[in-house]
Amino acid sequence: MTRQTRHVPTYTVYAVLRATTAVDDATVETVAAGLRPGDEELRVWREPDRAALRASTECEAADLEAALELAHALGEDLRERCPGDVLEAAALSDDDSLVWRAWL
């Protein structure tokens, strides 16, 4: 008898943080190094000439809403390493997306 594993969907999650000070390359490197050690899918980058810091990764979740919660957690992880406000968190699948935006 063979056992089949249950398929768990994979989502792309991302978060955007508006830093309280300008974000330079050194900040990006520092945040990326400590954000999620071992996450080979993690990407951290900044917008040129802005205080926006962005991060994205792939994750498994039961559904789109659960993936959005993981995106919120990614945003909070960013905020712990770089002072600022989380502006946006999103979860994307091949077929749909769910986005949360802050009302500041």
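The values are calculated or read from the model by the stated rules, or taken from the named source; none is laboratory data. These figures come from a predicted structure and were not determined experimentally. Please note that ligands, DNA and RNA were not included when accessible areas were found on the heavy atoms of the full protein model with its side chains. Shrake-Rupley method; radii C 1.70, N 1.55, O 1.52, S 1.80 Å.
Quick one: angle between helix 25-35 and the longest Cα principal axis of the chain, in degrees between 0 and 90, rounded to 10, please.
Approximately 40 degrees, to the nearest 10.
I need to check one value: relative contact order of the chain, counting alpha carbon pairs closer than 8 Å and at least 6 residues apart, in percent.
Across the chain, relative contact order equals 37 percent.
As I understand it, the value is the acute angle between the Cα axis of helix 64-81 and the longest principal axis of the Cα atoms of the chain; what does it come to in degrees, rounded to 10?
Compared with the principal axis, the helix lies near 30 degrees.
Cα centroid distance between region 5-34 and region 61-87, in Å?
Cα centres, region 5-34 to region 61-87: 9 Å.
Once ligands and nucleic acids are excluded and a 1.4 Å probe is used, how much of Arg54 is accessible, expressed in Å² to the nearest 10?
Answer for Arg54: close to 60 Å² accessible.
Can you pull the percent of the chain's accessible area that's carbon plus sulfur, 1.4 Å probe, other chains left in place?
Carbon plus sulfur share of accessible area: 47 percent.
May I ask you to give the solvent-accessible area per residue for the chain, in square angstrom, as obtained with a 1.4 angstrom probe?
Per residue, the chain has an accessible area of 67 Å².
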